[in-house]
Amino acid sequence: MNRVSKVWVCMLAVAIGFAAGDGQAARAGAAQPSDPASLLATFARAVGDPQAIDTALGLVADDMVLRITPAPPGTPGLWTGKDEVRQALLYASENAVHGVLQGSPQVNGNTATATVMMSNRFLVAWGVAPVKFNTELVADGGKIKSFTNTIAPEERQRVATAAQAYQAAQAGQAPAGMPRTGGPADGIPLALAAAAVACLLGGVAARRRYRRA
């Protein structure tokens, strides 16, 4: 083999080596997260993105439990299993739900906690978005076993006041998708429940009733 041929053979070998390395890097980059902090961050980013529903579902256990506290009106505030989680994610994508993780999740064993600033079309209409939520995720076997979102205590009065003001401006009509309130005493529960919708799910039950109608 002449010198020129040897040079071309070496160059080809190097090119093949780089290609193999790039393929391995791509596969490594595509690997799903499995630790609690990464699961929380990835799931939180996927919520509300219609293109990321399958990505989010790939992170959850078959019997995952999803909780919204306080429960949205007309629902138990509890959804179990991938089918119900899928409906929740669809609802979130249709209602402009968006969350921004504040800092890095804190991990204790298989549990990760974080603060997330949430927004959706209800909170935007009321002029209070984003709203602070406290999030807790429990992992099991590299999958999300449970995911709980709770409105931060210091946000409750602010959201309640904004919800009542919005209702008054709408001549007593509740925001779209939410039930009427009977009076001032109902304002805070309604506002907290509606704020929970901003987190992920509220309205899943209403959505199913609408489909059956």
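The values are calculated or read from the model by the stated rules, or taken from the named source; none is laboratory data. What you are looking at is a predicted structure, and each value in this text was computed from that prediction instead of being measured. Cβ: placed from backbone, ideal geometry, glycine included. Neighbour counts: every protein chain shown. Only protein heavy atoms, including side chains, enter the accessible area calculation; ligands, DNA and RNA are left aside. Shrake-Rupley method; radii C 1.70, N 1.55, O 1.52, S 1.80 Å.
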| field | Scope region 73-100; condition open to solvent by 50 Å² or more (accessible area, probe 1.4 Å) and part of a strand (DSSP E or B); matching residues | value | 78, 80, 98, 100
| What are the residue pairs meeting all of these: first residue in region 37-51, first residue hydroxyl-bearing (Ser, Thr, Tyr), second residue open to solvent by 20 Å² or more (accessible area, probe 1.4 Å) and part of a loop (DSSP other than H, G, I, E, B), Cβ atoms under 7 Å, and 6 or more apart or on different chains? | 42/33
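Condition check ((1) modelled with pLDDT under 95; (2) of a type in the set (A, V, I, L, M); (3) farther than 13 Å from residue 143 by Cα) across all residues:
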{"position": "44", "(1), (2), (3)": "yes, yes, yes"}
{"position": "59", "(1), (2), (3)": "no, yes, no"}
{"position": "68", "(1), (2), (3)": "yes, yes, yes"}
{"position": "81", "(1), (2), (3)": "no, no, no"}
{"position": "97", "(1), (2), (3)": "yes, yes, yes"}
{"position": "108", "(1), (2), (3)": "no, no, yes"}
| message | Tell me yes or no: at least one residue of region 155-162 is over 16 Å from the mean Cα position of the chain (by Cα), modelled with pLDDT under 90 and either over 18 Å from residue 68 (Cβ atoms) or assigned to a loop (DSSP other than H, G, I, E, B) (or both). | response | no
| field | Candidates 149, 110, 120, 134, filtered to the one that is touching a strand residue (DSSP E or B) at 6+ places or on another chain (Cβ under 9 Å), among the polar types (S, T, N, Q), touching a residue at least 40 places away in the same chain (Cβ under 8 Å) and open to solvent by 30 Å² or more (accessible area, probe 1.4 Å) | value | 110
